[in-house]
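Report on the following structure.
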Amino acid sequence: MHIRPSTLHAIGNTPLVRLNKIVPPDSAEVLVKLEYINPTGSYKDRMALAMIEEAEKRGDLRPGMTVLEYTGGSTGSSLAFVCAVKGYRFRVVSSDAFAQEKLRTMQAFGAELTIVRSEGGKITPDLIPRMIEVAREMAADDNTYWTDQFNNRDAVTGYQTIGRELLEQTDGSLDVYCGGVGTAGMLVGVATALREGGAQTRVIALEPATSPLLTSGKPGTHHVEGIGTGFVPPMLDSSLYTEARAIDEALARQTARRMAREEGIFAGVSSGLNVAAALQIAQEIGPGHTVVTVAVDSGLKYLAGDLYQDHP
């Protein structure tokens, strides 16, 4: 009998599955890591646990302190979950631009929300910076530990576990890894682990086509939660990826719906963007190769929006 000591020990070791129906003919094999198997339905559980436990090890976070973060939702849900298990008060700065399911999930775990209003529910280039400034003011309290996800290298430590698991699951045979860039923690963590493991894998950074900051230097408005923040994230190391690629948001949404209906993978828009890019790359490099990406979170977080409404 194998019993895990707590829900925190249920994070990680997620399955890697092969796409069978939506991959075009004469393409490389496409594999998707199902990160929505994590306890809150998101890969952010890995980052949240690492940011909290590394801070505890250093003594930066101690019993009785409050944890603070600004987030579009999944990071907040993951931190709220970890803080609930460990007994920390958690305050979060978020926005009405993000899925109501995510905001309610944070509250379900006990988070205290401060909402920054958006422009028409869109993720504009100024939204995240405004959220950061609100968090910065709240962090002035001496009894507060601000995880500050865009600048926290502990996140990379958490995401390296994805890269190590991919090496084990593919026996080191993966030609291309692609993933969307938000904080850049996952891309940097996975790329670092692949490099340390000796894999000669091409790493491709992804972003929404209407906010092509990495590809064209032009931030813009979009509605792909979790990526395309409107500025180059401080942790992004250009030496760790070989290419940046912009993906059409409409294609990402269509791909997410196809993933659910044809492959049984129920995920969100950023996951659709990841897989849309992986399918393009698979066509380019052809049979005999392997492309790997990540389904970052559960489609259950998007049921109140328009992603799965009224589409054939």
### Query
In segment 85-103, what residues are in contact with a strand residue (DSSP E or B) (Cβ under 8 Å, 6 or more places away or on another chain), surrounded by fewer than 18 Cβ atoms within 10 Å (Cβ to Cβ) and farther than 21 Å from Gly305 by Cα?
Arg89
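Regarding segment 61-74, can at least one residue be identified that is in contact with a strand residue (DSSP E or B) (Cβ under 8 Å, 6 or more places away or on another chain), closer than 26 Å to Asp306 by Cα and of a type in the set (A, V, I, L, M)?
Our first condition is that a residue be in contact with a strand residue (DSSP E or B) (Cβ under 8 Å, 6 or more places away or on another chain); within segment 61-74, this holds for 61, 65-74.
Next cut, closer than 26 Å to Asp306 by Cα only: 70-74.
Filter once more, so that each one left must be of a type in the set (A, V, I, L, M): none.
No, segment 61-74 contains no residue that is in contact with a strand residue (DSSP E or B) (Cβ under 8 Å, 6 or more places away or on another chain), closer than 26 Å to Asp306 by Cα and of a type in the set (A, V, I, L, M).
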### Task
Go through (1) of a type outside the set (Ser, Thr, Tyr); (2) over 21 Å from Tyr43 (Cβ atoms); (3) surrounded by 22 or more Cβ atoms within 10 Å (Cβ to Cβ); (4) without any contact (Cβ under 8 Å) to a residue 40 or more places away in the chain and name the single condition Ala276 misses.
(2)
### Query
Right, Gly41: in contact (Cβ under 8 Å) with a residue 40 or more places away in the chain and over 17 Å from Thr147 (Cβ atoms) or not?
yes
### Task
Sort out which residues of segment 165-219 are touching a Leu at 6+ places or on another chain (Cβ under 8 Å), polar (S, T, N, Q) and over 22 Å from Pro287 (Cα atoms), and write them in order of number.
Thr192
### Task
Just give me the residues in segment 260-270 being touching a strand residue (DSSP E or B) at 6+ places or on another chain (Cβ under 9 Å), part of a helix (DSSP H, G or I) and at pLDDT 95 or above, in sequence order.
Ala260, Glu263
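Taking the residues in segment 274-312 that are in a strand (DSSP E or B) and polar (S, T, N, Q) as candidates, determine which candidate is farthest from Phe98 (Cα to Cα).
Looking at the filtered set, the residue picked out is Thr290.
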### Task
Determine whether Arg257 is of a type outside the set (A, V, I, L, M) and assigned to a strand (DSSP E or B).
no
### Query
Does Leu167 satisfy the condition of being touching a Gly at 6+ places or on another chain (Cβ under 6 Å) and closer than 30 Å to Val275 by Cα?
yes
### Residues of segment 135-185 satisfying the condition of being touching a residue at least 60 places away in the same chain (Cβ under 8 Å), more than 15 Å from the chain's Cα centre (by Cα) and within 15 Å of Glu196 (Cβ to Cβ)
Glu165, Leu166, Leu174
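Filter segment 212-247 down to residues that are farther than 16 Å from Thr183 by Cβ and assigned to a helix (DSSP H, G or I), then give me how many there are. Let's see the steps before the verdict.
First pass over segment 212-247, keeping only residues farther than 16 Å from Thr183 by Cβ: 212, 215-218, 220-223, 239, 242-243, 245-247.
Narrowing further to those that are assigned to a helix (DSSP H, G or I): 215-216, 239.
Residues flagged as farther than 16 Å from Thr183 by Cβ and assigned to a helix (DSSP H, G or I) within segment 212-247 amount to 3.
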### Message
Among the residues of segment 142-179, what is the count of those that are surrounded by fewer than 16 Cβ atoms within 10 Å (Cβ to Cβ) and in contact with a strand residue (DSSP E or B) (Cβ under 7 Å, 6 or more places away or on another chain)?
### Response
2
### Summary
(1) touching a Leu at 6+ places or on another chain (Cβ under 9 Å); (2) at positive phi; (3) modelled with pLDDT of 95 or more all hold for Gly286 apart from (1)
### Summary
Taking segment 3-17 and keeping only residues that are of a type in the set (A, V, I, L, M, F, W, C) and free of Cβ contacts under 8 Å to residues at least 60 places away in the same chain, one is left with Ile3, Ala10, Ile11
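The values are calculated or read from the model by the stated rules, or taken from the named source; none is laboratory data. What you see is a predicted model; the values in this text were computed from it and never measured. Virtual Cβ from ideal backbone geometry, glycine too; neighbours counted across all protein chains shown.
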